[in-house]
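One structure is given below, encoded as structure tokens.
The values are calculated or read from the model by the stated rules, or taken from the named source; none is laboratory data. What you see is a predicted model, and the numbers here were worked out from it, not measured in a lab. Note that we place each Cβ from the backbone using ideal geometry, even for glycine, and neighbour counts take in every protein chain shown.
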Amino acid sequence: MRMGIHRGWWVVVLSTALGVQAGCGPSNPLGRKAISGTVTLDSAPLASGSIEFTPLGGGVSSGAVIEAGKYQIPAESGLPPGKYRVSIVDNPPAAPLPPGHMPGDDLPPQPKPRVPPSWNQNSTHEIEVTQQGPNRFDFSISTKSR
């Protein structure tokens, strides 16, 4: 009787171990790659914003927050190799409230974004993520007409 219980315990342990192993696939089935880089606006680091990478022809997209001109996407939420459209927007700081502002008073107009539409809603900027990397992409945005 004791031998049957002991043998039964090992069957449960072995079955559980095999089941867990069989249920675990590759940790990165899409082959996502870490992505990083910098974003400057008129030669200065973009203080605050966001960047988005949209696949050309379908697939997985990803994005990140830009802080002090830098962005980083870890591999687990990165991009599989391929070509992507780049979209960048800035988050201009809110306009300060005038002295004596009271709740219910009109708010001052908010500053307009400085990143031009050619880098967001009208963007044609592209990158290519490669298997071998490095997948670092730096962007220099100018608001001045040429």
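More than 20 Å from R32 (Cα to Cα) and either hydrophobic (A, V, I, L, M, F, W, C) or in contact (Cβ under 8 Å) with a residue 40 or more places away in the chain (or both): does that describe L97?
Here the answer is yes, as L97 does meet what is asked.
Could you count how many residues in segment 94-133 are within 25 Å of E67 (Cα to Cα) and loosely packed, with under 11 Cβ neighbours inside 10 Å?
9
Between a first residue in segment 27-45 that is farther than 14 Å from V65 by Cα and small (G, A, S) and a second residue that is exposed (fewer than 14 other Cβ atoms within 10 Å of the Cβ) and modelled with pLDDT of 95 or more, which pairs have beta carbons less than 8 Å apart while being 6 or more apart in sequence or on different chains?
A34/P74; S43/S140
Out of I73, I88, I66, report the one residue that is under 25 Å from R136 (Cβ atoms) and in contact with a helix residue (DSSP H, G or I) (Cβ under 8 Å, 6 or more places away or on another chain).
None of the other options fit; the residue is I88.
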